[in-house]
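Shown next, in structure tokens, is the structure this report addresses.
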Amino acid sequence: MIEDGFERRAQTLFCESINLEHLASTHGTPLYVYSRRAIERAYMRYETALAARRHLICYAVKANSNLAVLNCLARLGAGFDIVSGGELERVIAAGGEPSKIVFSGVCKSPEDMRQALTAGIRCFNVESAAELHQLSAIACEENKIAPISLRVNPDVDARTHPYISTGLKDNKFGIDIALAPELYRQALLLEGVHPIGIDCHIGSQLQSIGPFTDTLERLLVLIEALEQEGITLEHLDLGGGLGVAYGNEAMPSVKDYIDALTAKLTGRDIALIFEPGRSIVAMAGIMLTRVNSLKSTQDKHFALVDAAMNDLIRPALYSAWQDIVPVTQREGESRRWDVVGPVCETGDFLGKDRQLILSPGDLLAVTGAGAYGFVMASNYNSRPRPAEIMVDNDTAHVVRTRETRSQLWAGEQCLPEAIQ
Ligand code: LLP
């Protein structure tokens with residue numbers, strides 16, 4: 001599935017005006033490539049859909065935290081959803097405004113809380129009574145008042161992969177919606193926190209709008225109950241989670257998703273926050289990998305490529321399906337290939353049963369790799385992580401250099417010689 005920012009010219013795949021065969025020859029493989037135009041367009045779909053409401057789009061940094069990606073979004077006025085002190089520093093380094101940052105995460109460290117208080121972020125999304133009290137105590141020590149929202153767990157089935165479903169009662173996330181009113185009352189009595197919002201996030205890669213609207217309905221009942229007690233909130237944070245079509249599956253558009261939610265908010269002037277990650281960057285990125293060799297057994301054809309599960313773990317971890325396309329289309333006989341990497345695990349595959357025409361040396365693009373791609377890469381099997389490129393029209397910027405072998409063990413050392 002080739003999207004905005006990527007197109008085929010004659011037989012060859014381009015990212016904006018850059019020929020991807022040339023790019024891979026210059027920078028090597030595996031290689032992540034992002035289209036600035038595609039990122040900006042995806043972000044602007046949210047801005048356009050929300051134009052009639054007070055809103056803040058807080059891009060979920062975890063989806064792709066490269067400084068160049070954050071910087072593109074910061075220039076468009078985006079806010080950011082962070083989950084660690086590391087992400088906070090990245091956002092600031094990329095020119096993001098602390099006053100537009102919301103801090104999510106089920107287990108914030110005291111140091112990270114302090115750092116975010118000092119930076120002056122917009123809101124802490126609090127996930128438990130214990131965290132509420134801890135944050136209040138830390139804020140008092142720092143002579144600050146932490147703006148907070150409670151992340152409620154609405155007990156709605158997001159109907160997505162169980163590893164990325166977060167809004168069910170037995171998930172570790174959020175505060176039971178039934179207990180939320182009591183916790184708001186407690187928050188009002190604490191000196192170090194000030195409740196300004198309500199928050200939820202029910203999961204990722206949702207393929208239908210129903211679970212989002214069901215969640216909103218439950219949140220509205222809570223908001224009304226709080227209002228009756230005189231607790232008024234400035235914002236409603238509906239999290240992220242809208243899915244993308246990795247293949248030909250039907251997916252609601254950003255407009256349909258936002259329209260369905262705002263339709264339920266007619267007459268209510270509460271500011272809206274969204275925390276989209278995947279739907280902004282997934283389809284704006286690909287990972288390039290080269291076929292090292294081909295191997296056939298009695299039952300299978302394997303294409304052995306130079307990228308592996310350490311470079312892109314989604315297929316191995318979630319059995320996720322991402323399209324794999326040749327960068328240059330060729331003539332010949334097609335076969336069903338398992339596209340597999342060099343890592344010593346049977347789970348090391350990028351795709352299975354893919355109908356492709358292949359020869360050794362061919363360049364392949366794994367599409368939909370802009371979200372949860374490089375950020376989840378590891379050095380397993382002592383493999384340096386790939387370089388990242390951001391294409392801006394006819395310029396390819398190296399926005400992260402390829403790791404070197406010596407970087408792999410920087411910080412490690414051998415034991416001093418044993419005393420005889
Ligand atoms: N807000 C919170 C609190 C989150 O936990 C997440 C994602 C988001 C926003 C952004 O969700 P998105 O719009 O990207 O769906 N590694 C998995 C996805 C993990 C999502 C974790 N939380 C994958 O590759 O599918």
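The values are calculated or read from the model by the stated rules, or taken from the named source; none is laboratory data. All values reported here derive from a predicted model rather than from experimental measurement. Methodologically, a virtual Cβ is constructed for each residue, glycine included, from the backbone with ideal geometry; neighbour enumeration extends over all protein chains shown. What goes into the accessible areas is simple: the full protein's heavy atoms, side chains included, and nothing from ligands, DNA or RNA. Shrake-Rupley method; radii C 1.70, N 1.55, O 1.52, S 1.80 Å.
Overall, the accessible surface of segment 105-274 at a probe of 1.4 angstrom is composed of carbon and sulfur to the extent of 52 percent. For segment 197-273, the set of trypsin sites (Lys or Arg not before Pro) satisfying both a DSSP loop assignment and a count of at most 15 other C-beta atoms within 10 Å is given as LYS264, ARG268.
Which part of segment 18-47 falls in the paramagnetic zone of THR328, meaning amide N under 17 Å from the point 7 Å along Cα-to-beta-carbon? Taking a point 7 Å out along Cα→Cβ of THR328, the residues of segment 18-47 whose backbone N falls under 17 Å are 18-29. Loop-located trypsin sites (Lys or Arg not before Pro) across segment 311-381 with a Cβ neighbour count of 13 or fewer within 10 Å are ARG330, with loop assigned by DSSP. Quick check: from the Cα gyration tensor, does the chain come out rounded (a/c under 1.5), prolate or oblate? The shape class here is prolate. The mean sequence separation of alpha-carbon pairs under 8 Å and at least six residues apart, normalised by the residue count of segment 27-115, gives a relative contact order of 26 percent. Centre-to-centre separation between the Cα atoms of segment 358-394 and those of segment 18-52: 13 Å.
Would you please name the GluC sites (Glu not before Pro) within segment 307-403 that are DSSP coil residues with at most 11 other C-beta atoms within 10 Å of their C-beta?
Values: sites: GLU331, GLU333, GLU345, GLU388, GLU403; in loops: GLU331, GLU333, GLU345, GLU403.
Answer in residue order: GLU331, GLU333.
Cα-based radius of gyration for segment 105-274, normalised by 2.2 N^0.38 Å, reads 1.06.
Cross-chain or 8 or more residues apart, Cα under 27 Å: how many lysine pairs in segment 105-274 fit that? Count them up, please. Let's see the in-between values first.
Values: LYS108/LYS144; LYS108/LYS169; LYS108/LYS172; LYS169/LYS264; LYS255/LYS264.
Close lysine pairs under the 27 Å cut-off: 5.
For the chain, what does the helix formula give at 222 nm: sum of -39500 (n - 2.57) over DSSP H segments with n ≥ 4, over the residue count, nearest 500 deg cm²/dmol?
Working: 12 runs with 115 residues, N = 420.
Mean residue ellipticity at 222 nm (helix-derived): -8000 deg cm²/dmol.
For segment 307-379, the C-alpha radius of gyration divided by 2.2 N^0.38 Å, with N the number of residues, is 1.10.
Counting only C-alpha contacts under 8 Å and six or more residues apart, can you give the relative contact order of segment 57-104 as a whole percent? Kindly include the intermediate steps, with their values, before the conclusion.
Values: 72 pairs, mean separation 21.5, N = 48.
The value is 45 percent.
Given Cα pairs under 8 Å that are at least 6 residues apart, what percent is the relative contact order of the chain?
Worked out over the chain, it gives 20 percent.
The residues of the chain have, on average, 44 Å² of accessible surface per residue, using a 1.4 Å probe with all protein chains present. Residues considered: ALA24, ALA284, ALA369. Largest GNM mean-square fluctuation over the chain, using C-alpha springs under 10 Å, is found at ALA24.
Label segment 1-116 by shape, choosing from rounded, prolate and oblate, from the square roots a ≥ b ≥ c of the eigenvalues of the Cα gyration tensor; if a/c is under 1.5 it is rounded, and otherwise prolate applies when a/b is larger than b/c, oblate when it is not. Oblate, because a/c is 1.5 or more while a/b does not exceed b/c. Here the Gaussian network model covers the chain, with springs between Cα atoms less than 10 Å apart; of CYS58, CYS72, CYS140, CYS140 fluctuates the most. Under a 5 Å amide H cut-off, with hydrogens placed 1.01 Å from N, LEU56 pairs with LEU272, ILE273, PHE274 among residues at least 5 apart or on other chains. Comparing LEU356, LEU226, LEU408 in a Gaussian network model of the chain (Cα springs below 10 Å), the most mobile by mean-square fluctuation is LEU408.
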